[in-house]
2 protein chains.
Amino acid sequence: MHGLMQRWPLTVDKILEHARNWHGRREIVTRSVEGPIVRTTYAQVFDRAKQVSHALLEWGIKLGDRVGTLAWNSARHVETWYGIMGVGAVCHTLNPRLHPDQLCWIINHAGDRVVFTDLTFAPLLLANLHQAPTVEKVVILSDEAHRPEGAPASVAMYEALIAGRPTDTPWGGFDEETACGLCYTSGTTGNPKGVLYSHRSNYLHTLMTLQADVMGLSARDTVLPVVPMFHANAWGIAFSAPAVGAKLVMPGARMDGPAIHELLETERVTFSAAVPTVWQMLLQHLEATGDRITTLKRVVIGGSACPEAIIRAFHDRYGVEVIHAWGMTETSPLGTLGTPTADIAVLPYDQQIPYRLKQGRAPCGIELKLTDDADRRLPQDGTTFGRLKVRGATVAAAYFRGEGGEILDAEGFFDTGDVATIDPAGYMQITDRAKDVIKSGGEWISSIDIENLAMGHPKAALAAVIGVAHPKWDERPLLLVKLKDGVSAEPREFLEHLEGRIAKWWMPDDVLFVDEIPLGATGKIDKKLLRARFGDHVLPSLRAQTPEPAPAPEPSPVLETVSGPEPAPSKPKGGLWPFGRK
Amino acid sequence: MHGLMQRWPLTVDKILEHARNWHGRREIVTRSVEGPIVRTTYAQVFDRAKQVSHALLEWGIKLGDRVGTLAWNSARHVETWYGIMGVGAVCHTLNPRLHPDQLCWIINHAGDRVVFTDLTFAPLLLANLHQAPTVEKVVILSDEAHRPEGAPASVAMYEALIAGRPTDTPWGGFDEETACGLCYTSGTTGNPKGVLYSHRSNYLHTLMTLQADVMGLSARDTVLPVVPMFHANAWGIAFSAPAVGAKLVMPGARMDGPAIHELLETERVTFSAAVPTVWQMLLQHLEATGDRITTLKRVVIGGSACPEAIIRAFHDRYGVEVIHAWGMTETSPLGTLGTPTADIAVLPYDQQIPYRLKQGRAPCGIELKLTDDADRRLPQDGTTFGRLKVRGATVAAAYFRGEGGEILDAEGFFDTGDVATIDPAGYMQITDRAKDVIKSGGEWISSIDIENLAMGHPKAALAAVIGVAHPKWDERPLLLVKLKDGVSAEPREFLEHLEGRIAKWWMPDDVLFVDEIPLGATGKIDKKLLRARFGDHVLPSLRAQTPEPAPAPEPSPVLETVSGPEPAPSKPKGGLWPFGRK
């Protein structure tokens, strides 16, 4: 027997309609790509999003067609999202940091018929359009005065495109399972894979993140999402802020310390979200200038592990609560958040720190488990680490066009590719990537734990740990260190530094000094490349057993990243990159 | 094209499972019907709920079968809810304040196969069981030592029933549209009508109420739901508290000032929800004793309009934030809440009061509109009042077994039967019941506005306004006043009191003094009965035109309520009654 409640499909157009109806005068403030601060409202954004829809329908965009966006966080980008999604087309967020070849590969794989791009990325896109034959139309998110020199006449300028169009194009009216968004993970193995969100999953993610123990946004908040809409959906803020009528402050192309600080203060921001690098830049700016932050109350930090120094600086010097989070493209993206439980909230702050350094707890709607390689559940005792798997209405079931095949286990859980512990209080902590964990004698060694400790050595600029083959133990850890400029060191200095801080059997079997440690497209150490270069390094303990001396590692060249050149010179390095671990 | 996210049906069993997994040691504390304070945990409640499920399956309860509960707020009642819902049976909450005949009518209409009852109501139920032939089993929520004298051997005692049963009965696995709960509205016209909630609607209601701008519960909260689980689902708290791991404090049968105050303090409650009468009793107790409340931060007040004195006393004397709310059985029940917007939050508290007195704003997921009798939308200007209509996934589409026929308008909105205004800031205010509004010359006069003003006269104990027939204006207002004991008054005293405070054409055409004003089952004035008695009262202005003197109203007898005798002598009068207006 079914209940007798209203059929009211969970489609995201209802979110912006709610903002228009109940928070129509609430502002969206953008540091525009053109330069000036631009102010608009939810009522205006709603009307303009409807105009975008009208243009798309005129171009023959239909339910399920993919429309790309290659853009910074701005009011126009928000309008474009809702304009696309409202008519049941799929908003495909493109990550401008990818190499143009990869970008075009993704556009073709998605079959994007239209792409909306910011001025910043227009030259890149137009120069490579011959590689993207599915694209029929390009729209540049600016006005006619900013038309790039040499842009073909077929390229539409956003303001001219929407001007004067009707604002009453119908939205919604389709099944809530209808595809709504598409985001590719920049996979470290194989081709990028697309996560195809539904209206239902995005709506439920919005409600889930609005819980007090998750983002907890209210109509009284002013929210600055530094996390980009083009990767992992700005952690859902383009949905959750209008859902509650929070004021939105969009940073556009500038994520540096002074720019973020200026927006925080002039717009009286109360809540923000970004990766640790952004906050590092802000804190450095504050330290250098002696400036204060006066209205900010909470920041959510994810994308990579947040250093204790950031958590403490925010809390001790600026009275800002840091909430550590974890998630990935495949989880919409929020998975866990470190809001304290009742037991932990009453502890002195120093004793809260070990919990605040973990990636947090699962909200209602997210199921987590730890398993071994044979899919057996492992205890949640805070020390046993295993594969982290996740299940829920906001979690991917498959990739677009079936890439990667079956991705759920027998119980329907998605394997995150992370290795983690979960403690008795429910706090999850990422200890490694499954493919980076070192399997020694049937036990697992966390490469990240050793790296973090090695990074604490005063001579280290960057450190990486990989497993190298060992005839008895299968794998043993090798520590690679890039020293600070002008410094020299002996391997034993690093081994002595680690002694007593990790289990004896975790001690690296060798230490190599390298000139560069390669970083991937998401700013993380490219261990695949390191393994390719150093995976056959012969450990000192084994050299006596080899008939010939082991080959010395190649002189370490400056390794290139796989992500190609920076698409935009004005973009700060590192800071804005993705949430999630893929 | 559909998204590729996980199929993860929104069923409420997942809520208690989440609490078990992540907040297993968090407490549920009950003032038991037997007397002592009883402490349990979400882990224990989960296991015991599974045991309830096992017993129900053994009795042949199947998907869609109705199982009744007639019980106070307690951990056992929570266990029973989840035990029923977890296996896809329908939890039918019975309101013990109804007349036994009506209770049996509802049990039969629902077709309840099993009824779980508290000791308090067991005699009532057992004495009337012959009128409820669908009931195969009665379970008393106590242990063998408390078996009522003379109870048939077939009556099961809860603790004996569940003891030793397995705790692994499977839950869920059915469609999220599956019926989950059933609650009858004590309609003032016609038979009671059942609202049949689905798992989906209850799960979505839970997420909706967890928003910071609605209930905003967190893992750090301790929640005391005084609002009963047997009417309007305790405003969803039996779902929302476990969903976030909040500690639950259950008041059992005692809702008086000292009892509530004791629980607030000894259990360190941070959040509570109740109708105004309960808070009135608490505040009176505090004033009489000089006691303080030390941990309570927020109270949600609904069920009827909250007097300004309560809001001010909580805020000024005890530092507690009062959130005014509106809802009804048909809306799961939460509809609107008065959490302040950014603009209102910065006003001095005195200037916030007019907004805090309104019933609040619609959260994302609730659509509201005002219409006239011809279904035309009316402006939301804060002064125009019209029929309040509501749409959303948590709103009823029809009543059980089709009672009442089609209840949605052409746009799919449910007519609440309330008349309201909505101001430009989005705050809704109930001004009347649609059937009580007085239609004079094509315009509407709010009976409640006049009543509230008349109640402010120092001689008034209670006041009611009804419309009486008028040949020219259709209807004109008649004011009925019950004076305080030992006081006498002239009609002109009341008319002078109203003058200048309402529009001239709103002035009552006559004032009658009566010995009693009848109250209905939900503690509200029974205007149907008043209209039956006084609807043909001939107004003074018309008496000259009548050929014969108008008949004087009958001497006002002490009118009986329609709800029959109190079922339980220990129950405080008034306080625990329903949210919603039906």
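Tabulated values for the structure
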{"item": "Furthest towards positive pole of dipole, A:ILE366, A:ALA420, A:PRO471, structure part chain A, Cβ charges", "result": "A:ILE366"}
{"item": "Sequence ranges B:328-334, A:89-95, B:342-348, ranked by mean other-Cβ count within 10 angstrom, highest first", "result": "B:328-334, A:89-95, B:342-348"}
{"item": "Fraction of accessible area attributable to carbon and sulfur, chain A (%, probe 1.4 Å)", "result": "52 percent"}
{"item": "Among B:ILE28, B:LEU56, B:LEU70 the positive-end extreme of the charge dipole of the range B:1-76 (Cβ point charges)", "result": "B:ILE28"}
{"item": "Cleavage-rule hits, trypsin sites (Lys or Arg not before Pro), the range B:373-402, DSSP coil, Cβ neighbours within 10 Å at most 16", "result": "B:ARG376"}
{"item": "Average other protein chain Cβ within 10 Å of Cβ, residues B:363-370", "result": "6"}
{"item": "For chain A: rounded, prolate or oblate by the Cα gyration tensor [a/c cutoff 1.5]", "result": "prolate"}
{"item": "Cα gyration tensor, the range A:354-405 - rounded (a/c under 1.5), prolate or oblate", "result": "oblate"}
{"item": "The range B:322-430, relative contact order in percent, only Cα pairs under 8 angstrom and at least six apart counted", "result": "25 percent"}
{"item": "Taking all pairs of distinct alpha-carbon atoms in the protein assembly as shown, Kirkwood radius in angstrom", "result": "32.3 Å"}
{"item": "Å³ per residue enclosed by the Cα convex hull of the range A:13-149", "result": "103 Å³"}
{"item": "Largest-first principal axis extents, alpha carbons of the range B:212-260, Å", "result": "29, 22, 18"}
{"item": "Shape category assigned to the range B:419-476 from the gyration tensor of Cα positions, a/c cut at 1.5", "result": "oblate"}
{"item": "Relative packing of A:120-132, A:68-80, which averages over residues the other C-beta atoms within 10 Å, highest first", "result": "A:68-80, A:120-132"}
{"item": "Inter-chain shielding of A:213-222 (mean C-beta neighbours from other protein chains, 10 Å cut-off)", "result": "6"}
{"item": "The range B:124-183 pair-distance distribution - Cα-Cα, 5 Å bins, rounded %", "result": "4, 13, 18, 17, 17, 16, 11, 4, 1"}
{"item": "Accessible area of the protein assembly as shown divided out per residue, in Å², using a probe of 1.4 angstrom", "result": "35 Å²"}
{"item": "Highest average packing first - A:501-509, B:105-113, Cβ atoms within 10 Å", "result": "B:105-113, A:501-509"}
{"item": "Inter-copy separations for A:LYS484, label at 7 Å along Cα-Cβ, nm, ascending", "result": "8.1"}
{"item": "Listed residues B:VAL322, B:ALA309, B:LEU264: farthest to the positive end of the dipole of the range B:250-323 (Cβ charges)", "result": "B:VAL322"}
{"item": "For the pair B and A, total buried accessible area rounded to nearest 100 Å², probe 1.4 Å", "result": "5700 Å²"}
{"item": "Set of lysines near A:LYS482 by C-alpha distance (under 16 Å), chain-local residues within fewer than 8 positions excluded", "result": "A:LYS459, A:LYS524, A:LYS527"}
{"item": "Rotational relation B to A, axis-closest Cβ in chain B, residue and distance rounded to whole Å", "result": "B:LEU207, 2"}
{"item": "Nm distances between copies for A:ALA503, ranked from closest, using label points 7 Å along Cα→Cβ", "result": "8.0"}
{"item": "Distances in nm from B:GLY24 to the matching label points in the other copies, shortest first (labels 7 Å along Cα to Cβ)", "result": "5.2"}
{"item": "Computed magnitude of the charge dipole of chain A (debye, nearest 20; Cβ of K, R +1, Cβ of D, E -1)", "result": "940 debye"}
{"item": "Per-selection Rg to Rh, the range B:187-319 - Cα, Kirkwood hydrodynamic radius", "result": "0.99"}
{"item": "For the range B:50-202, size of Cβ-based charge dipole, Lys and Arg +1, Asp and Glu -1, in debye", "result": "220 debye"}
{"item": "Helix A:199-209 axis, angle to chain A major axis (alpha carbon atoms, nearest 10°)", "result": "70 degrees"}
{"item": "Proximal aspartates and glutamates to A:LYS528, defined as alpha-carbon separation beneath 15 angstrom and excluding residues fewer than eight positions away on the same chain", "result": "A:ASP432, A:ASP436, A:GLU516, A:ASP536, A:GLU560"}
{"item": "Cα principal axis extents for the range A:83-187, largest first, Å", "result": "40, 40, 20"}
{"item": "The range A:49-124 and the range A:457-520: distance between their alpha carbon centers, rounded to Å", "result": "44 Å"}
{"item": "Peptide B:199-212, shielding by other chains (average Cβ, 10 Å cutoff)", "result": "6"}
{"item": "Nearest 10 degrees, 0 to 90: helix B:100-110 Cα axis against chain B principal axis", "result": "60 degrees"}
{"item": "0 to 90° range, to nearest 10: angle between helix A:75-86 axis and chain A longest Cα axis", "result": "80 degrees"}
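The values are calculated or read from the model by the stated rules, or taken from the named source; none is laboratory data. Not measured: the values here are computed from a predicted model. Counting neighbours? That spans all protein chains shown, and the Cβs are built from the backbone with ideal geometry, glycine included. When the accessible area is computed, the model is the full protein with side chains, heavy atoms only, and any ligands, DNA or RNA have been set aside. Shrake-Rupley method; radii C 1.70, N 1.55, O 1.52, S 1.80 Å.
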